[in-house]
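Just below is one structure, and these are the notes that go with it.
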C-alpha cells in the first residue's frame, strides 16, 4: 500500500475544489470518501477503513482483479497503438464478443466509453434508415455528449436541461410499479401491450413529423430510471412496431450487460430468444474500469455506414491493451462462473429483500434480477408515494456503517444494488442485516414520534403495523 | 515477445473483415501492416521487421515507455475507480497540468478522448455565452462524435458528410501557402489581418443569424488540414474579434500539445504570451496511448457550467490509473528534456527538408516546428498545384523501406511528420536519406519519360531542372 496517500484528505479536497470542474460531483458530498485502494468488493479509505461496495458496476469482476491487471500489464509493455494496424487482440476479442450475441450481431466498433458508443449508434441508425427522429424512454440516461443529453430525459428534463429537441420522442418507461400504467390496474401482459402501444404511437408521430424513425433507444433494464424491469413481451412488441416504422432498435447494455443479470450475458435476452436488437452498446464493466466500450451491430447496418465513404477513426478505440483487458474480463466471468454466481446471489438477495419487505412497510417493491436489484421505498404502500428522504437517510447511515449503496430513479427513492459480481454470501448477509436494523431503527424512531403525538392529540394509532417516516423530504435534513 | 502473434496475418485480416466495421480503415490497405510490438520510435511486424515510426503522435514519449508502463501497472493493481471519490492522483495531476498553463486556465475536466473533450468544450461555451453558433476553420477535424462532425469540414464536406449545419460558420484556414490569401500577394502581417478579418465577418454573420457566437474552435496548428502554421498575430486578432462578439476561444491541442512544438508546451503559446484561449482541449499524447484526455478552462466558465445544476459525470474520466499514466508522461517529458529535444530535432529536420527542397522541385513548402512538420508536395512551384499521387507514392515506397509516414491536407499532398518525441538523430538521417533517394529516383524516372517524349515528339526539354511527375493522381495507380 506504499505511497497511495500523498496528501491529507482536506488537502485533497481543497485541491479538488481548486482544479476540478464543480459539475463533477462527489459521492456523499457533505463528507466525501477518500479511497486509496480496493480489492474484490471492498474499497479502503485513507485510514484503512473497509467499505462494502454495493454500487460499483464498473469494476465488474472485482476491483483490481489480478487476471485483468496482469493482462493489461503484459500488453502495455509490448504494444499500445491504434487500430489502423492489424492486431490479433482486436480481432480475437471481436470474434469472442460477437460469439456471445445472436448471429446477426456480428460487427463491432471499439470505442472508449458508453457515450462514444451510444453516439456512434445514433450515427449508424441515421445512416442506415435515412431518418433522424429518435424514440427514447422517460427518465433514461444514455451519456454525457451533446447528442446523448438530447435523448436523455434524465438530463434534459432536470436542472440545466433545455428540454427535448423536436426530433426526440419520449415514451413512458414500462415501469409497472410507478409508471403511467401499473400492476394495480393491469396484468403484466396488458402492461407490455399498453407500454408498447405508446411506442407505436410515437412511431406514428415521428413518421408524421419527419417521415420515419431512425432508432428506438433503450437500456434493456433501466438503471438511472430506478432499476426498472420491463414486463415480459414488452421489447418484442416494441421492436415490431419500430421495425414496421422503418427504424432500428438499440439495446443499451452499458450498465446491465456482461452477465450482470445472471441468467443471460445481455439483459435484452431476458425478453426472449427471438428478441434481437439491431444495435447493442457496451461500456462500463467491459474493461473492469479500463476505458473500453463497443458498438455491436449487423453486417447490413455496418455496410451501409461504410458505404457513405466516411471513415470512422477512434484514436484509442480497439487498441491492443483495451482489447487485452476486455478479453481478460470475459476470462474471469467464465473461469469464476460469475453469471451462475450472479443468479445464485441475486435470488438470495431478492429473497432476503422480500423478507425485509414483509417486515418493513417502507419497502414498496423489490425488483430486478442477478446483481441488478432495486428496492423502491415508499411512504405509503397504497399510494406508493416515494420515500425520497428515507432513501437518502439510509444511504448516509449505511455509509457510516461502511456499506456503499445509492439511490436513483425520478424520485431518488430507489435503493440501487449493482455491486461487482464477486459479491459474496457474507457480503450479502452484511448488507441485509444492516438494512434490516436500520429500517427497524427508523420505524422505532417514527413510532416514538407517533406515540407521543397520539398521547398529545389523543389519537389512537395502531402499533401493529410499523409506520414509515411521514415527513416530507425537505423536512428531513440529510446531506449526501 | 512471447505470444504476441496468435494468428497468421491473413487470418487476422480475415477476422478483421468479418467482425470490425468497414468504416474503420487500415493504413496501407492494399498491404496492411501487422504490428506486434513497439519500442521508442520503432514498430515491429510479425516477421520482426523494424519500422521507423514518423506518424505516431499518440505514443508521444516513445512506444511502451517503461516509466509510463510502470506507473500504469502500479496504480492498476491498487485502485481504479471513478472520480466521485477523492483521490490524490487526480488532484495532483490537475494541479501540475494547470501549472503549465497561463494562470486563468485553472480548472480541469478529465475525459477519455479528444472527442469527449471537444464535445464538452462546446457545452461549456454554449452555457457560458448563451449562444449556440460555432466558428470553425476550413479543413478542420475535431472528433468523431455527432456534435464534432458538425463542426469538422474535414468530415462534413467529404464523402458521407452532410454539409454544415446553419449554426456552423466556416472561416478559411490561415494557410499562407495555399489558402485564400497567400504569401504570393501579402506579407505575413497582412495575412494575419486578412484571415482574422474573415473570422470577424463570421462573428457578424453569427450575430446577425442568432444573436452571437458561442465559440471559435481551432487547433493551434492545423494537423489534418495539412500541417498549417498560422501567421504571427493571427490568433491574437481572432481572439479579440471573437471576444468582442461575446464568444469564447478554444485551442484544440489534441494533436499539437504536450511539447510537440518544442519551444512551448502548448502550440497556442507560439502566437505570443498574451494570446490566451478560454478553453483548451487535450488528448492523444496525454497518456502515451492510454485513453485519457482533458478540458482546461477558466474558473468563470466552469462556475457558469456548474451553476446550471446539471452534473457532469464521466465514468472513466479522471480515474486514478489514467491520472497516474498522464502524470508519468509529464515526468518523461521533463526528465528526458523532450521539449529541448524537439526543438533541436525539429530544426535539424526542417533544415534538412529545406536542403531537399533546394534539390527537389516537388517540394513546394516546408513548414512547422518541433516535431510537427509538413512537406507540401507540388507539381509546379509556381502554380503550387498539389502533388497528391506523388505523396501517396512516396508513403508507399517509404513503407517498403520500413519508414512510416503519412499524407494529409485537403489534397492529401502534404507529408506529415509527427513522430514520437524521442526521434533520434539517426532516425532523422534515415528518414531524410530515404526521402532524398526516393525523390531523386522519381525525378530520374520522370526525366526518362520526358526524354523519351522529347525524342518522340521532338520537343526540347531542359534537363537542368528536374521535373516532377506530371501524371494526374488518377493515372498513377498507388494503393495505400
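The values are calculated or read from the model by the stated rules, or taken from the named source; none is laboratory data. Note that the coordinates shown come from a computational prediction; the quantities given were computed from them, not determined experimentally. Here the Cβ is made from the backbone with ideal geometry for all residues, glycine too, and neighbour counts use every protein chain on show.
The rows are residues; the columns are (1) outside any helix (DSSP H, G or I); (2) within 14 Å of chain B (Cβ to nearest Cβ); (3) touching a strand residue (DSSP E or B) at 6+ places or on another chain (Cβ under 8 Å).
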| residue | (1), (2), (3) |
| --- | --- |
| A:120 | no, yes, yes |
| A:124 | no, yes, yes |
| A:127 | no, yes, no |
| A:176 | yes, no, no |
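Only one of the listed residues (A:100, A:191) is in a helix (DSSP H, G or I), more than 9 Å from chain B (Cβ to nearest Cβ), closer than 25 Å to residue A:274 by Cα and in contact with a helix residue (DSSP H, G or I) (Cβ under 9 Å, 6 or more places away or on another chain). That residue is A:191. Taking the conditions (1) within 11 Å of chain A (Cβ to nearest Cβ); (2) over 15 Å from the mean Cα position of the chain (by Cα) in turn, residue B:255 satisfies each one other than (2). Of the strands (runs of 3 or more DSSP E) contained entirely in the stretch A:1-87, those carrying at least 3 residues that are within 7 Å of chain B (Cβ to nearest Cβ) fall at A:35-39. Within the stretch A:370-388, identify whether any single residue is crowded, with 18+ Cβ neighbours inside 10 Å, within 23 Å of the chain's Cα centre (by Cα) and part of a helix (DSSP H, G or I), and answer yes or no. Yes, that holds for at least one residue.
The residues on offer are B:318, B:364, B:346, and the sole one that is crowded, with 22+ Cβ neighbours inside 10 Å, in contact with a strand residue (DSSP E or B) (Cβ under 7 Å, 6 or more places away or on another chain) and on the phi > 0 side of the Ramachandran plot is B:318. Within the stretch B:9-25, the set of residues being under 21 Å from the mean Cα position of the chain (by Cα) and either assigned by TED's automatic domain parsing to the domain that holds residue B:396 or buried (at least 19 other Cβ atoms within 10 Å of the Cβ) (or both) comprises B:23, B:24. Restricting A:407, A:391, A:328, A:324 to those that are free of Cβ contacts under 8 Å to residues at least 60 places away in the same chain, part of a helix (DSSP H, G or I) and buried (at least 18 other Cβ atoms within 10 Å of the Cβ) reduces the list to A:391. Take residue B:6 and tell me if it is out of contact with any strand residue (DSSP E or B) (no Cβ under 9 Å at 6 or more places or on another chain), within 14 Å of residue A:320 (Cα to Cα) and surrounded by fewer than 19 Cβ atoms within 10 Å (Cβ to Cβ). In short, yes. Among the conditions (1) under 30 Å from residue B:42 (Cα atoms); (2) within 7 Å of chain B (Cβ to nearest Cβ); (3) surrounded by fewer than 20 Cβ atoms within 10 Å (Cβ to Cβ), residue A:91 misses just one, which is (3). Taking (1) more than 30 Å from residue B:41 (Cβ to Cβ); (2) modelled with pLDDT of 95 or more in turn, residue A:2 satisfies each apart from (2). Residue A:111 satisfies every condition listed in (1) under 20 Å from residue A:219 (Cβ atoms); (2) crowded, with 23+ Cβ neighbours inside 10 Å; (3) more than 10 Å from chain B (Cβ to nearest Cβ) except (3).
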